[in-house]
Amino acid sequence: MESKKKNTLVNFKKARSHIDRIVKMVENDDYCIDIMQQNLAVIGLLKSAHQMLMEGHLNSCFKKAISSSNEARKQEMIVEILKVGKLANK
C-alpha cells in the first residue's frame, strides 16, 4: 500500500478509536472539557485525512482528467472539486 494511502487509513482508524473513547466518556459522564478535547482530536484527524485524500485525488484522477481531451469530464471534475471544497468549509 502506498505511503499516503496508508497514512490516510491510519488517521481514519485513529479517529474511530477516539470516537469509541468519546462514546464511553459520555456514557460515564466524564468531564465535558475532556470530552471536547477528544472530539477536537477526532476533528483534526479527519481534516488531515481529508487533506490527504484531496491531494491524492488532485495528483491522480484530477490530473488525468484535465490532461485528457474530454471537455465534459474536465468540467465534471472541476465541479466535483468545488462541491467537496464547499462542503469542507461548512
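A short reminder: the numbers here are calculations on the coordinates, not readings from a lab. Worth saying up front: this structure is predicted, and the values here are computed from it rather than measured. Virtual Cβ from ideal backbone geometry, glycine too; neighbours counted across all protein chains shown.
Descriptive notes on the structure:
- Ignoring lysines fewer than eight residues from residue 64 along the same chain, the ones with Cα atoms less than 30 angstrom from its Cα are 4, 5, 6, 13, 47, 74, 83, 86, 90.
- With Cα atoms, 0 to 90° folded angle of helix 71-88 axis to the chain main axis: 20
- Crossing angle, helix 32-57 versus the chain [Cα axis fit, 0-90 degrees, rounded to tens]: 20
- Averaging Cα coordinates gives a centre for segment 1-43 and one for segment 48-77; these two points are 29 Å apart.
- Inter-label distance for residue 4 and residue 47, nm, one decimal - labels placed 7 Å from Cα along Cα-to-Cβ: 2.0
- Rounded to the nearest 10 degrees, the angle from helix 3-27 to the longest Cα principal axis of the chain is 30 degrees.
- Dipole of the chain [Lys/Arg +1, Asp/Glu -1 at C-beta], most positive-end residue of 56, 43, 12: 56
- Stretch gain in nm, segment residue 89-residue 73, where the contour uses 0.36 nm per residue and the Cα spacing is subtracted: 3.3 nm
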